[in-house]
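Asks: There's a structure below that I have some questions on.
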Amino acid sequence: MGDLQQDTEVELVGEDPDGSRRFSAKLSPEWEIWGPMGGYVASVALRAAAGSSPFARPASFFCQYLGVAAFDAVDIAVTPLRVAKTALAQRVQVRQGDRDILEATVWSVGEVDGLAHDVTEPTRPPVPSPNECADLTELLSEEDLASGPPFPFWRNLDLRPIDWTADRSAVGDPVWREWLRFAPTPIFADPWVDACRSLILIDLQSWPSASRAHTRGHAFIAPSLDLYVAFHDPRPDGEWLLADGFAPIARDGLMAWNGRLWSEDGALVASGAGQMLCRRVRQA
């Protein structure tokens, strides 16, 4: 089991005259899904942006996934793109050896006196609270429990599904809704680490929602091409967050998805979107 704050820590290793900063980090195997989970690598990039920003509030994150990293050291370069009194745009480049792994742009903001409104209530899904949902461990068979999760990543979350089915032949709407809580540490005081919760849980909604429209056991995979997340209304004291993913269309090898993240008290914590490249698994 990993710890989100510890496993996304970065170390400053150098500063350049143009204001760029260089960091190093070590990717933990506790976040494996075929390789380092995309939202986890994105979180390491976000932590590096935090180490170069004077502001405590990340506003948005957009990245391209350029390669699958090994569970080893990575080099991170953070370059300022636009510096203003209340906002900062940064480019973050993650490399491992001579390979590009991820490139991102990050906006962070300071205290801003702006207009405010919230009309999200009609769009919130009417789901039971996490206390009214069974834990995933109560829904799995004894055989599944004995074999453990398919990847180490899933040990980092407590899961309470909304509409669980064990039928591997079931096909339904491409919607994935589930309450999730990080383990062993569920909440974080640092606003940038709290935002990492959103990065991971928005990114996580891609394949689970898209795959709901297809029977399990097919010979396809769908690695993510990119990820965009907007941070809206943080709930750093809220342990449980509702993943609300929807993948409306898959065509010509592309699977599009969008996701929202809700708090127990109904706040829209974050929203995002991305595309996956869906292709057949290569036969050995």
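The values are calculated or read from the model by the stated rules, or taken from the named source; none is laboratory data. Bear in mind the structure is a predicted one, so any value in this text is a computation, not a measurement. Don't worry about glycine lacking a Cβ; one is built from the backbone with ideal geometry, like all the others, and counts go over all protein chains shown. In case anyone asks, the SASA skips ligands and DNA or RNA and just uses the protein heavy atoms, side chains included. Shrake-Rupley method; radii C 1.70, N 1.55, O 1.52, S 1.80 Å.
Asks: Could you list, in sequence order, all residues of segment 25-54 that are out of contact with any Lys or Arg (no Cβ under 9 Å at 6 or more places or on another chain), without any contact (Cβ under 8 Å) to a residue 60 or more places away in the chain and open to solvent by 30 Å² or more (accessible area, probe 1.4 Å)?
Replies: Within segment 25-54, K26, P54 qualify.
Asks: Within segment 189-231, count every residue that is within 16 Å of F61 (Cβ to Cβ) and among the hydrophobic types (A, V, I, L, M, F, W, C).
Replies: The number of residues fulfilling the criteria is 14.
Asks: Also, quick follow-up: Somewhere in segment 198-207, is a residue more than 28 Å from W107 (Cβ to Cβ), touching a residue at least 60 places away in the same chain (Cβ under 8 Å) and open to solvent by 50 Å² or more (accessible area, probe 1.4 Å)?
Replies: Within segment 198-207, none of the residues are more than 28 Å from W107 (Cβ to Cβ), touching a residue at least 60 places away in the same chain (Cβ under 8 Å) and open to solvent by 50 Å² or more (accessible area, probe 1.4 Å).
Asks: Applying the selection to segment 243-284, what residues are touching a Leu at 6+ places or on another chain (Cβ under 7 Å) and among the aliphatic types (A, V, I, L, M)?
Replies: Passing the criteria: A243, L254, L261, V269, A270, M276, L277.
Asks: Let me ask you something else. Taking S211 as the residue in question, decide whether it is open to solvent by less than 70 Å² (accessible area, probe 1.4 Å), of a type in the set (S, T, Y) and in contact with a Gly (Cβ under 7 Å, 6 or more places away or on another chain). Before you say what the answer is, go through the steps one by one.
Replies: Working: open to solvent by less than 70 Å² (accessible area, probe 1.4 Å): yes; of a type in the set (S, T, Y): yes; in contact with a Gly (Cβ under 7 Å, 6 or more places away or on another chain): no.
No.
Asks: May I pose another question? I need the full set of residues from segment 78-88 which are aliphatic (A, V, I, L, M) and surrounded by fewer than 18 Cβ atoms within 10 Å (Cβ to Cβ), in order please.
Replies: Residues of segment 78-88 that are aliphatic (A, V, I, L, M), as a first pass: 78, 81, 83-84, 87-88.
L81, V83, A84, A87, listed by residue number.
Asks: Shifting gears a bit: Before we move on, is G14 touching a Lys or Arg at 6+ places or on another chain (Cβ under 7 Å), more than 27 Å from P236 (Cβ to Cβ) and exposed (fewer than 13 other Cβ atoms within 10 Å of the Cβ)? Give the steps one after another, and end with the answer.
Replies: Values: touching a Lys or Arg at 6+ places or on another chain (Cβ under 7 Å): yes; more than 27 Å from P236 (Cβ to Cβ): yes; exposed (fewer than 13 other Cβ atoms within 10 Å of the Cβ): yes.
The answer is yes for G14.
Asks: Being in contact with a helix residue (DSSP H, G or I) (Cβ under 7 Å, 6 or more places away or on another chain), open to solvent by 40 Å² or more (accessible area, probe 1.4 Å) and either touching a residue at least 24 places away in the same chain (Cβ under 8 Å) or among the hydrophobic types (A, V, I, L, M, F, W, C) (or both) is the filter here; which residues of segment 141-154 pass it? Full working, then the answer.
Replies: Restricting attention to segment 141-154, the residues satisfying the condition of being in contact with a helix residue (DSSP H, G or I) (Cβ under 7 Å, 6 or more places away or on another chain) are 145, 149, 152-153.
Narrowing the set further to residues that are open to solvent by 40 Å² or more (accessible area, probe 1.4 Å) leaves 145, 149.
Within segment 141-154, just L145 meets the criteria.
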